[in-house]
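The values are calculated or read from the model by the stated rules, or taken from the named source; none is laboratory data. Bear in mind the structure is a predicted one, so any value in this text is a computation, not a measurement. No Cβ is skipped: glycine too gets one built from the backbone with ideal geometry, and neighbour counts run over all protein chains shown. When the accessible area is computed, the model is the full protein with side chains, heavy atoms only, and any ligands, DNA or RNA have been set aside. Shrake-Rupley method; radii C 1.70, N 1.55, O 1.52, S 1.80 Å.
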Amino acid sequence: DFIATSAHEVRTPASIIYGVAKTLAERGDRLDKQTRANLFRVFYEASERLARLTDDLLDFTRLDARSAPLALERLSVPEVVRDAARGLSLDAAEEILIDVPSDLTVVTDRKAIELIISNLVRNGLTHGAPPVSVTAKAENGETHILVADRGSGVAEAFVSRLFEPFARADDAANRPGAGMGLAIAQSYARQLGGQLVYEAAEKTGATFTLILP
């Protein structure tokens, strides 16, 4: 099932890329400037989707095969959060609010925690609404990192499937992504001995909490 679904997800952007490339190769010199510009935009968007999907699939399969070794070290939480946000686009970075205690640290794997946070923030920007806020606190021997958006939240009927690979809510069909981000983030969280928890925000939006020992 996983292979079949993966192939289906890859086929969509791959087919778009092939179609655009074929059109440009066969009729590119007869197309007007605006049409060529539109084709290049579609080509870029499909390429970006394919690249992200490929990275997601590689991350997920490495976790599934338990071939992603951990390199535990003591890290500054605000530094990790800033680095994760910096890895997104510059436009997105302006829509992220970070409020983390400057002295908060955690012993974890840098790549894993940055991937979790960036996936949660990207999810908030894509399926919620900006600004996306990232806060953190130490509680009962655990580190809690909270990522909250200002969207409409998650439909109650879909909450139980949030962390399943390729699971997408009905209202997310026209948004970018393949439904892998939260599944990968949860897998990494569990490998680190923690977990991801979802809860509806008090007024509006969604809050995901990364809990690490």
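Of all residues in the stretch 12-33, which are open to solvent by 80 Å² or more (accessible area, probe 1.4 Å) and more than 32 Å from the chain's Cα centre (by Cα)?
Result: A25, E26, R27, D29, R30, D32, K33.
Take the residues in the stretch 180-204 that are buried (at least 18 other Cβ atoms within 10 Å of the Cβ) and out of contact with any helix residue (DSSP H, G or I) (no Cβ under 8 Å at 6 or more places or on another chain); name whichever of them is modelled with the highest pLDDT.
G194
Return the pair list, or none, for Cβ contacts closer than 7 Å from residues in the stretch 128-157 that are within 27 Å of D103 (Cα to Cα) to residues that are part of a loop (DSSP other than H, G, I, E, B) and open to solvent by 40 Å² or more (accessible area, probe 1.4 Å), at least 6 apart or on different chains.
The qualifying pairs are P130/E95; P130/R150; P131/E95; P131/R150; V132/E95; A136/P101; E142/P213.
With within 12 Å of G181 (Cα to Cα) and open to solvent by 20 Å² or more (accessible area, probe 1.4 Å) as the only criterion, which of T135, T126 stands out? Break it down stepwise before answering.
Numbers: T135 fails: within 12 Å of G181 (Cα to Cα).
Exactly one residue qualifies, and that residue is T126.
Hey, among the residues in the stretch 102-123 that are open to solvent by 30 Å² or more (accessible area, probe 1.4 Å) and of a type in the set (D, E), which one's farthest from the chain's Cα centre (by Cα)?
Out of the qualifying residues, it is D103.
Among the residues of the stretch 138-157, which ones are small (G, A, S), open to solvent by 40 Å² or more (accessible area, probe 1.4 Å) and at pLDDT below 90?
S152, A155, A157
Here is a check on your reading of the model: is T209 among the polar types (S, T, N, Q), open to solvent by less than 20 Å² (accessible area, probe 1.4 Å) and at pLDDT 90 or above?
The answer is yes for T209.
Does the stretch 84-101 contain any residue that is under 18 Å from G193 (Cα atoms) and open to solvent by less than 20 Å² (accessible area, probe 1.4 Å)? I'd like the intermediate steps shown before the answer.
First, pick out the residues of the stretch 84-101 that are under 18 Å from G193 (Cα atoms): none.
No, there is no match, as no residue in the stretch 84-101 is under 18 Å from G193 (Cα atoms) and open to solvent by less than 20 Å² (accessible area, probe 1.4 Å).
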